[in-house]
Number of protein chains: 2
Amino acid sequence: MKHTGFLLARMGHVAAKQFAGRMEELGLTTRMWGALNVLDAEGALTQQALGKCTGIDPSSMVSTVDDLEAAGLVERRRHPSDRRAHAIHITEQGREALSRGRQLARGAQEDLLAPLSAQERKQLHELLLRLVIATKPKGVTTDQVHKK
Amino acid sequence: MKHTGFLLARMGHVAAKQFAGRMEELGLTTRMWGALNVLDAEGALTQQALGKCTGIDPSSMVSTVDDLEAAGLVERRRHPSDRRAHAIHITEQGREALSRGRQLARGAQEDLLAPLSAQERKQLHELLLRLVIATKPKGVTTDQVHKK
DNA sequence: TATTGTTATACTCTATAACTATA
DNA sequence: TATAGTTATAGAGTATAACAATA
């Protein structure tokens, strides 16, 4: 119990597992969830760009998009200017899944942080955010299919 | 960047990977490190007991102890009263590895928490500790080979 | 020549089940 | 009958390398 790093690793694992368990109810993996969120925020992207945003390897992205498409949450459409690439679009069903998923995520977070007061949760969030920002100095460009 | 649970999972992963990288310099995996620490704190244990303390599956414990023994950090000795079981003893070399490892761990933690002030680190530690305690309601009995 | 998506493959990590020798 | 350690095996999860189509 001595090291903060150990506590961090332990709780991180707990949080990830608990979150994955909730998403499973929606038929989503953590990777699918991450990709869906990025598509919702950024608009249609190529698989390569999606991989850069989510940290998913291009070869792993194939099966991730396969799964999302099989569930009707995204569509592979033709890229307007590059016939090698796909433009991955989120569907209406995808947006609905996101909405339900966000509710589940809120519930999961509520359970996870139950031992802390509102003020303590805010403290924890800010401390973690500063650590995450410090460890992520790489600027990822989005490579959107349609410019915003 | 919205959810605290997400930040927790992200930083936990970073912390675990960074720690594993440091321990690799000593030829140790995270599992070997965990087992070595428990043996140092609790005295000689059976592989089963060691598995319960560290959360390592009995079958995985075999190779973990194999690796530790090959590195000269522990010894499988005869259990005084149960000829099925081994008594795993930490060696002098094992204690030296622990000592060096603890230095590395301090350095790793220093790097990880560099963005935070001393007071903020203490805050973070206490918040995480309360979360960890809340998610771990199971009392593990040690099953020591020699009573203390 | 380089890049996109794809496939096949290998590698890591871990858990499950069966086996042996003891209890 | 149950338990400690072991082995073999299988299953995730992920990364690597090679390939076809296209840039």
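Only the coordinates and a few stated rules stand behind these numbers; no lab work does. Values in this document were obtained by computation on a predicted structure and should not be read as measured data. Cβ: placed from backbone, ideal geometry, glycine included. Neighbour counts: every protein chain shown.
Quick rundown of the values:
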{"item": "Helical contribution to [θ] at 222 nm, DSSP H n ≥ 4, -39,500 (n - 2.57), averaged over chain A, rounded to 500", "result": "-20500 deg cm²/dmol"}
{"item": "Cα gyration tensor, the protein assembly as shown - rounded (a/c under 1.5), prolate or oblate", "result": "prolate"}
{"item": "With Cα atoms, 0 to 90° folded angle of helix B:58-70 axis to chain B main axis", "result": "80 degrees"}
{"item": "Peptide-level mean, for A:108-121, of C-beta atoms on other protein chains within 10 Å", "result": "3"}
{"item": "Stokes-Einstein D for chain B, Kirkwood Rh over Cα pairs, 20 °C, 1.002 mPa s (µm²/s)", "result": "126 µm²/s"}
{"item": "J(HN,Hα) series, the stretch A:117-130, from Karplus relation 6.51 cos²θ - 1.76 cosθ + 1.60, nearest Hz, glycine and proline x", "result": "6, 4, 5, 5, 4, 5, 4, 4, 4, 5, 5, 5, 4, 5"}
{"item": "Sequence-separation-based contact order of chain B, relative, with Cα cut under 8 Å and 6+ spacing, percent", "result": "29 percent"}
{"item": "FRET efficiency, residue A:103 to residue B:106 (Cβ-Cβ, R0 30 Å, nearest 0.05)", "result": "0.10"}
{"item": "Position residue B:76, label points 7 Å along Cα→Cβ, spacing to each other copy in nm (shortest first, one decimal)", "result": "5.0"}
{"item": "7 Å along Cα→Cβ, label-point gaps from residue B:21 to other copies, nm, shortest first", "result": "3.1"}
{"item": "GNM top mover of B:35, B:20, B:118 - chain B, alpha-carbon springs below 10 Å", "result": "B:118"}
{"item": "For q = 0.21, 0.27, 0.28 Å⁻¹, Debye-computed log10 I/I(0) when each Cα of the stretch A:96-139 counts as one equal scatterer", "result": "-0.82, -0.88, -0.89"}
{"item": "Cα gyration tensor category, rounded, prolate or oblate, for the stretch B:1-52 with a/c compared to 1.5", "result": "oblate"}
{"item": "Selected from A:18, A:123, A:47 as most flexible by GNM, with chain A as the system and alpha-carbon contacts under 10 Å", "result": "A:123"}
{"item": "FRET efficiency, 1/(1 + (r/R0)^6) with R0 25 Å, evaluated for residue A:57 and residue A:95 via beta carbons", "result": "0.45"}
{"item": "Residue A:77/residue B:133 FRET efficiency (R0 51 Å; Cβ-Cβ; nearest 0.05)", "result": "0.55"}
{"item": "Chain A Cβ-axis minimum, rotational copy B, residue and distance in Å", "result": "A:12, 1"}
